[in-house]
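The next block holds one structure in the form of structure tokens; read it before the comments.
Read-outs: derived from the displayed coordinates by stated rules, not from any lab. None of the values given here were measured: they were computed from a predicted structure. Positions of Cβ are generated from backbone atoms using ideal geometry, with glycine treated the same way; all protein chains shown enter the neighbour counts.
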Amino acid sequence: MQAQARVLAVRDGRVQLECESTATGACGACAGGRGCALRWVAGRGNTLLELTDPAPGDQPLRAGDGVTLEVDDGELLRAAALAYVPPLVGLLAGSGLGVAWVPGSESAAMAGAVVGLAAGWVGARAWLRRFPPRYRVRVAGQA
């Protein structure tokens, strides 16, 4: 996946980017007017993508620079698996544990499923924040 972006600010080794165009091979978030799908790396409540130390080579980035942000398809697949599999496993495991804890109780199965889903979601979110998808940043116009 490739996305064209513009550098808005550079502070303390962190760079704020804003997507400018539809990403190539992306999920369509840019085309849908929701901004860059990669901004999930940035965190809660942020509308812009914020990256750590993405300077390509020896050339530091400056506000106003156009850049190309690239994420391999394998990295996107890994991130999607990390985002969706733990909540699904938590949902199924929680339901099974609820039934095992109180046999024949549908409410125990439902409560276990909700708790398992929430635990899986928290675990997936923490894992993705700690190990976000790897990316490459190139200054626009460079090979």
Remind me, relative contact order of segment 76-128 in percent, using alpha carbon pairs under 8 angstrom and six or more residues apart? 45 percent
What residues from segment 100-143 fall in the zone where the backbone N is under 16 Å from a label point 7 Å along the Cα-to-C-beta line of Ala81? 124, 127-128, 131-134
Given a Förster distance of 30 Å, report the FRET efficiency between Leu97 and Arg134 from their Cβ-Cβ distance, rounded to the nearest 0.05. 0.30
To make sure I understand, if each residue's beta carbon is the centre and we count other beta carbons within 10 Å, what order do Met1, Met110 fall in, fewest to most? Met110, Met1
